[in-house]
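The values are calculated or read from the model by the stated rules, or taken from the named source; none is laboratory data. Here the structure is a predicted model, which means the values were calculated and not measured. Because the Cβ atoms are built from the backbone with ideal geometry, glycine has one as well, and the counts that use them run over all protein chains shown.
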Amino acid sequence: MERQTRNGMGLRRVQRAFICSLAGLQFAWKSEAAFRQEVLAAAVLTPLAIYLGESGLERSLLLGSLLLVLIVELLNSAVEAVVDRISIEHHPLSGQAKDLGSAAVALAMAHVLVVWAGVLLL
């Protein structure tokens, strides 16, 4: 097994993971309206963050908060897909899982507001 790792098995694994990640992003873009809206918002706010941030740290905070929303939205979509895969019938736990994912997205968005307000107003 060690020999396979030295011969590129680790690099092939990284390559496969990258391809799966691109497929996930492509699927989210095509099928998730909320993800598309958040990507577009991030595209508009990214140049603003670079312009308004007065230091590398401030720019990182502003941009990182936008990236966090996208990450949480992808995880929320994954939870919803798994719940829907298990059953399309209404079940209290299914609703709870989806509501918790939605709450996580809402908190990530609140985080954007807090970070941007803190950097730009304080």
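Given the structure, is A49 surrounded by 14 or more Cβ atoms within 10 Å (Cβ to Cβ) and under 15 Å from I71 (Cβ atoms)?
No; evaluated as a whole, the condition is false for this residue.
Take the conditions loosely packed, with under 15 Cβ neighbours inside 10 Å and touching a helix residue (DSSP H, G or I) at 6+ places or on another chain (Cβ under 8 Å) and apply them to I19. Does it pass?
No; evaluated as a whole, the condition is false for this residue.
Could you check how many residues of the range 74-122 are surrounded by fewer than 13 Cβ atoms within 10 Å (Cβ to Cβ), of a type in the set (S, T, N, Q) and modelled with pLDDT of 95 or more?
1
With the requirement that a residue be hydroxyl-bearing (S, T, Y) and assigned to a helix (DSSP H, G or I), what does the range 12-58 give you?
S21, S31, T46, Y51
Which pairs do you get when a residue that is under 13 Å from L120 (Cα atoms), found in the range 57-71, comes within reach of a residue that is outside any helix (DSSP H, G or I), reach meaning Cβ atoms under 7 angstrom, with the pair 6+ apart or on two chains?
Pairs found: R59/G53; L62/G53.
Quick check on I88: is it outside any helix (DSSP H, G or I) and either more than 17 Å from H111 (Cβ to Cβ) or free of Cβ contacts under 8 Å to residues at least 40 places away in the same chain (or both)?
In short, yes.
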